[in-house]
Each structure stands twice: as structure tokens, then as C-alpha cells.
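Comments concern the structure below.
The values are calculated or read from the model by the stated rules, or taken from the named source; none is laboratory data. Source: prediction; values computed, not measured. Virtual Cβ from ideal backbone geometry, glycine too; neighbours counted across all protein chains shown. Heads up: the accessible areas ignore ligands, DNA and RNA and are worked out on the full protein's heavy atoms, side chains in. Shrake-Rupley method; radii C 1.70, N 1.55, O 1.52, S 1.80 Å.
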Amino acid sequence: MKIAVEGCMHGDLDTVYKTIEHSEKLHGIKIDLLLCCGDFQTVRNERDMGSLNVPPKYREMKSFWKYYSGEEIAPVPTIFIGGNHEASNYLWELYYGGWAAPNIYFMGFAGVVKFGNVRIGGLSGIYSARDYHSGHHERPPYSERTIRSVYHVREYDVHKLMQVEEPIDIFLSHDWPLGITDCGNWKQLVRFKPHFENEIKERTLGSKPAAQLLEKLKPPYWFSAHLHCKFPAVVQHGEGGPVTKFLALNKCLPGRKFLQVIEIDSEPGPFEILYDEEWLAITRKFNCIFPLTFKSANFRGTQLEMQECKQWVRSKLEARGTKPFEFARTAPPFDPRRPELNNSFPDCPRNPQTESLLQFLELPYLLDNTSESREPTSSPAQGNFVEDSEEIPLDDVDEVEESAEVDDVETGNE
């Protein structure tokens, strides 16, 4: 199975798919799957821009709306996680995961799915210590504070991923695991990104929860984005233990190393995106303590046994099948000929995919729960998140930059 991995999409689906097509023709191969490590920017129309935390000069419609509308169809199955530049109102509809567009699947705020027999895990968002222990209190329309906090990683989602026991083949996170620079050539990294040096030495570069997941899950591959550079590393988990090949990729821009192709042993195709039995069992077990206000989750409140949950889910999947519920539009797509349609949908619609999944798992729909105050009584300082510091010329012509296979990348401290 050949898998293309992309860094930050920033809404430029057309360019990434054209780059994949170019690579297929150049090397005589067929890419089976595209993985994206965040900042996908699922902007369906102009109104979604209000939930996208980017400076006004970067607010462009880009090309996702064409895939959402059906004007274009993703030429390769695509799986993505969220970053810190997302249309958060839309991704909240798909908190548990689902089709963001035909053939384009969002993993949810945290999740595990299968593609053929390859098991893929992911954690959306970036880490902020200030919000980590809070619940998911944000709802659209977002305030100046919540438009940022909505994409901050939460302990609840990480705790669910920490329950995964069956092997994960690939894991995706938007920001890097804390300490990953110890396992690669960080001196070369700071030659290109000198402002990283103090953070590396102070051990503040990266996500502590992601590092905990890396230590627990030990996947063969881990991919990240966010810091807009390419950085390989090799993590040895104990003496004689398994090895994780880590690779961070750049954003989709000319001359940037934003795409990588890897090959993984798998069963013969064709391949499909499928629900994961263990993850659905974890979702069922922990949904009863889903924190939807500022209060953190009470993990002592989960009574169901995991084995019991897995057996229950298995019987349900055997009866229904493991394909995700079908894509459904919940907002009109952008139409340059009829801009008035951009305001003709409710602020937070219930996505039929999410409703169907919860009904299948016999769980209540909680995403529109607003029973407690969603705004703090004081105005805390803004969290620790990385903003783009470089100017992006929006009229650049994208070029293809080929990069080595992960297996060929040399790593190690100088």
C-alpha cells in the first residue's frame, strides 16, 4: 500500500492532488491513500470564515468548497486531522469523525480508523496547558477567546487514545511530540529555524500529551506538521524495543517539502476507510463523561468494562458493516454566482452522520448541549499557540519538490 502524507493543507486541495498525480506519472505508481496532518481548512462558504482563526489577509475561499459541493471529487481517499487553522464550526459537527466531503474523511477531535488492514490514529488540534484540563465548552458563533481555545487539545480526548491497546500502524498529530527533537538532527533544524533553539533547550517545543501518546502507542510511523518545516527523527522505545519513524512536513507552498510517499505492507486491495471496533468501544465507554463545559472530565465515572463494550460493538458491526455513515451536506457550498446563499443555514446544525453514529452506538447527542455558561467570568490571557510569522505570497505558482522516502532519511544528533 502506497500512502502519501501531507503537512499543512491550508485549503489548497487542488495543488496537493495535482502534486500526487504528478508523482504517480513520474514514478509509475498509484497512491492508495492521502493523509493530512492538519490545517485542512474545510471552508464550505464565506460564512465559515468566521470560525477560521487566521489573519484577515489569509482568509481565502481556497478549493475545499469544490469538493464539498461535488464539483470536484477527491481522486484519492483522504484522511485528515484538525490543526489550529480550521473552520471549527464544521469540524465540531463531526466531533466523532465523518466525511467532510465525498472521499475526504475527518478523524474527529481524536480517533482511530482502518484503511484496509492498516490502522491509523489521530489527535486534532494543538496543545495549550491553559485549556488542556477543560471540557469542550466552545460553541459557534465563537468569541475572540473561544475561536482559539476550540482547537486546543483536551485531556478527555487524549485519555481515550491512551486506552488503545491494539497496535497502531500510523499516528497523526498536528503539533510535534515534546522532546522529538532529541531523536533527530536538531542542530540542522535550528540552522533553518533559529528561533526554535531556545524552545528545544528549554524543552517547550512540542506537545506533552502527544509525547505521552507516542510513548504509549509506539506506532511504526508518526507524522506531524504545524511548524512549517521538514524534520525526520527515529525514536527507539527502550533497548531492543520497537522503533517509531517520525516525520514532520511543511505546508503546501512552492519549494516546500510538504509531501512524502511511504509504502506499507498490507493485504491486497481494494482498500476502504472503515470504522475501528476498539475505538468505537472506547467512544461508547467514555461518552457518558464527555465534558461539555469548563469542568474537566471525571474519569472515575466510567463503569462499563472494555471487553464488554468491544463485544457489544462487534455484534453491532457484524450486523451493519464497518463502512462509515454516508456523507451529508449541512450547509450550502460557496457559489461565486450566488453569494447570498452563504448565510442561509443555522449556526450549529446537527450533522446526520454524527446522529446516525450515535444512534448506532445507542448514545445521546450532546454536541449542542449549552446547559452551563460557556464563557469564563474573567478574561484569561491568550494561550500558547503558534501563529504564522512569515509572509505568504498568495499568487505564487506551486512547484513540485520531490523528497526522499522515509526509509532513506538519515537521522541522529550531531
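Looking at 144, 166, can you tell me which residue is open to solvent by 50 Å² or more (accessible area, probe 1.4 Å) and in contact (Cβ under 8 Å) with a residue 12 or more places away in the chain? Show your work before the answer.
Values: 144 fails: in contact (Cβ under 8 Å) with a residue 12 or more places away in the chain.
Within the list 144, 166, the selection yields 166.
For the structure I just gave you, tell me whether residue 135 is surrounded by fewer than 23 Cβ atoms within 10 Å (Cβ to Cβ), modelled with pLDDT of 95 or more and more than 21 Å from residue 353 (Cβ to Cβ).
Yes: the conditions hold for residue 135.
Would you check if residue 47 is touching a helix residue (DSSP H, G or I) at 6+ places or on another chain (Cβ under 6 Å), modelled with pLDDT under 95 and within 26 Å of residue 227 (Cα to Cα)? Give the steps one after another, and end with the answer.
Numbers: touching a helix residue (DSSP H, G or I) at 6+ places or on another chain (Cβ under 6 Å): yes; modelled with pLDDT under 95: yes; within 26 Å of residue 227 (Cα to Cα): no.
It is false that residue 47 is touching a helix residue (DSSP H, G or I) at 6+ places or on another chain (Cβ under 6 Å), modelled with pLDDT under 95 and within 26 Å of residue 227 (Cα to Cα).
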**Criterion (on the phi < 0 side of the Ramachandran plot and at pLDDT below 95) met by exactly one of 352, 364, 268** = 268
**Prompt:** In segment 28-52, how many are open to solvent by 20 Å² or more (accessible area, probe 1.4 Å), out of contact with any strand residue (DSSP E or B) (no Cβ under 8 Å at 6 or more places or on another chain), of a type outside the set (D, E, K, R) and touching a residue at least 60 places away in the same chain (Cβ under 8 Å)?
**Reply:** 1
**Request:** Look at residue 10 and say whether it is open to solvent by less than 10 Å² (accessible area, probe 1.4 Å), of a type outside the set (Lys, Arg), touching a residue at least 60 places away in the same chain (Cβ under 8 Å) and within 24 Å of residue 140 (Cα to Cα).
**Result:** no
**Complete:** Residues of segment 235-266 being crowded, with 17+ Cβ neighbours inside 10 Å, in contact with a Lys or Arg (Cβ under 7 Å, 6 or more places away or on another chain) and in a strand (DSSP E or B), in sequence order, are 244, 248, 261
**Message:** I'm told residue 298 meets every condition in (1) surrounded by fewer than 18 Cβ atoms within 10 Å (Cβ to Cβ); (2) touching a Lys or Arg at 6+ places or on another chain (Cβ under 9 Å); (3) modelled with pLDDT under 95 except one. Can you identify the failing condition by its number?
**Reply:** (2)
**Asked** When both residues are 6+ apart or on different chains and their Cβ atoms are under 6 Å apart, which pairs have a first residue that lies in segment 181-193 and is over 16 Å from residue 246 (Cβ atoms), and a second that is part of a loop (DSSP other than H, G, I, E, B) and open to solvent by 40 Å² or more (accessible area, probe 1.4 Å)?
**Response** 187/414
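In segment 31-60, what residues are over 16 Å from residue 8 (Cα atoms) and either in a loop (DSSP other than H, G, I, E, B) or of a type in the set (Ser, Thr, Tyr) (or both)?
Hits for segment 31-60 are 31, 32, 44, 45, 51, 55.
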**Item:** Condition check for residue 287: open to solvent by less than 20 Å² (accessible area, probe 1.4 Å) and out of contact with any Cys (no Cβ under 7 Å at 6 or more places or on another chain)
**Value:** yes
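Could you name every one of the helices (runs of 4 or more DSSP H) located completely within segment 185-232 that has at least 1 residues being farther than 22 Å from residue 168 by Cα and among the hydrophobic types (A, V, I, L, M, F, W, C)? If you could, list the steps in order and put the result at the bottom.
Details: elements: 186-192, 197-202, 208-217.
In segment 185-232, the matching helices (runs of 4 or more DSSP H) lie at 186-192, 197-202.
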